Every structure is written in structure tokens, then in C-alpha cells.
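The values are calculated or read from the model by the stated rules, or taken from the named source; none is laboratory data. Predicted model only: the values in this text are computed from it and were never measured. All Cβ positions, even for glycine, are placed from backbone atoms using ideal geometry, and neighbour counts span all protein chains on display.
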Ligand SMILES: NC(=O)c1ccc[n+]([C@@H]2O[C@H](COP(=O)([O-])OP(=O)(O)OC[C@H]3O[C@@H](n4cnc5c(N)ncnc54)[C@H](OP(=O)(O)O)[C@@H]3O)[C@@H](O)[C@H]2O)c1
């Protein structure tokens, strides 16, 4: 598939770009800076080429990346995610949009979930998107560092939620293109607040039990 990552130059995007490239998808790295996007794209091409993979990765401004893709990941920090979507609103037509966005605050040596007034980051982003764009919430609980280790199998569950069954099926398939992630459908987009809230809990545990990289697995 053609997949764009807005803020595709950042941490969570790295593993997604590398793993989806390995699975044969075409990737559009979006950025506020065309130059930065192209530089990061060429770095990922070099990394993958050394592993014998011939990737199809392009770097460009966020708006062009969104327009080029069938699936768009909002891999931008929570404070800027909805505003970035609003700025490039015209680039969205009928894509599937994925939000891994989680808002949290540091209190001393631990983190707490701080949802926006809409109730979750997913609902805030939905408000910023044009009507009819299918939004799926996913990947909140994946640690970026582990995801970027391209050859490491990840025995984690990815909880996804959204209001469009076909869009969720696409995201399930894209998730399971990354060995050995299992996608679990948790229901409508409204549920996203519960999935998002797990992320600061995982980070708190990872800080206490270094160098563990906890994520989520339902047994
Ligand atoms: N890191 C993780 O382990 C992890 C795990 C699960 C979910 N998430 C979620 O994924 C999202 C991205 O996290 P991340 O750790 O990848 O973030 P990040 O590396 O800090 O930032 C990602 C990209 O966002 C863009 N950006 C930064 N400031 C911006 C602004 N003011 N306006 C527009 N774009 C801006 C930058 O791209 P350009 O400078 O190229 O524009 C940056 O490379 C967050 O919402 C986070 O909650 C992260």
C-alpha cells in the first residue's frame, strides 16, 4: 500500500517505515521541512539497502505525503497533531488515517494521561479531519526503540479501535505485516481513551524496570 507518515522523521515513525518497507509497502515520509524529509528518507533507504532490501521511500512536506497515500499515520507529538491536521486539511479525501497519538504529563518521576477536552487524542484528531475520513486508533502502546529494531519479532498485541470496519481490517493487516504483532479490535473510536491511557502506565513500568521494554499482550 501507499503509506504516509506525517512527522515521519521522528521516533515512532522509524520502526513503522523500516518494517513496512521490508513488507513491500511504498512509504511517503512527511515533514514540516522538505529537506529534512528527503534526508531522513535517504538514511532509511541506505539502512534497508545494507540489509538487502530495495525500499520505495520518498521524503516530502506533510501535505504532499498525505495526498500521495492511501493510509496516513499521524506520527506527531500530541500538542501539534490536531493543529497539523487542520493546516493540511485539504490533503485529506478518502484516506484511512491512523492515530498513535497519546497526550501525557510528567509529574515528578512518573507520567499521567492527560486527554484533551474531547476525551481522547483520537477524538480531537477526528474533529480536525474532514467529514468522511476514516480514522483508526492504533500503535499507542508500542515502544519506538523496539519497533525500530527491524529484525526483532515483537510478541505484542496492538489494540485498534475505530468506527469503520473496512478501515480497521486494513490496519489489522498492516499491523500483522510486522512480525509478530497481533492486532485486536477493541471496538469504536470512543474506546481510544482507554488504549491511550495505558501508554503512560507502560512508560512508568519501563522506567522502574529498566532495561525492560514492556508493551501489551492479552493472555
Ligand atoms: N515514541 C514512542 O515510543 C511512541 C509510542 C507510541 C505512540 N507515540 C505517539 O506517536 C506520536 C509521535 O511520537 P514520536 O516519539 O515519534 O515524536 P517525535 O519523534 O518527538 O516527533 C515526531 C515528529 O513530529 C514533528 N514535529 C515536531 N514538532 C512539531 C510541530 N510543532 N508541528 C508539527 N510537527 C512537529 C517532527 O517532524 P518534522 O520536524 O520533520 O516536521 C518530528 O520528527 C506522538 O503523538 C506519541 O504520543 C510515540
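Among the residues of this structure, residue 66 does not count as one that is under 19 Å from residue 167 (Cβ atoms) and within 10 Å of the ligand (Cβ to nearest atom). For first residues located in region 122-139 and farther than 16 Å from residue 84 by Cα, partners that are modelled with pLDDT under 95 and in a loop (DSSP other than H, G, I, E, B) and lie 6+ apart or on another chain with Cβ distances below 6 Å do not occur.
Filtering region 119-145 to residues that are within 14 Å of the ligand (Cβ to nearest atom) and in a loop (DSSP other than H, G, I, E, B) leaves 120, 138, 139, 140, 141, 142, 143. When 103, 91, 49, 83 are checked against the criterion of being within 16 Å of the ligand (Cβ to nearest atom) and surrounded by fewer than 18 Cβ atoms within 10 Å (Cβ to Cβ), 83 stands alone in meeting it.
Take the conditions within 19 Å of residue 72 (Cα to Cα) and buried (at least 21 other Cβ atoms within 10 Å of the Cβ) and apply them to residue 159. Does it pass?
The answer is yes for residue 159.
Residue pairs whose Cβ atoms lie under 6 Å apart, separated by 6 or more positions or on different chains, with the first residue in region 31-47 and at negative phi and the second assigned to a helix (DSSP H, G or I), are 31/37; 44/17. Tell me, which residue of region 183-214 that is modelled with pLDDT of 95 or more and within 11 Å of the ligand (Cβ to nearest atom) is surrounded by the most Cβ atoms within 10 Å (Cβ to Cβ)? So the residue we want is 196.
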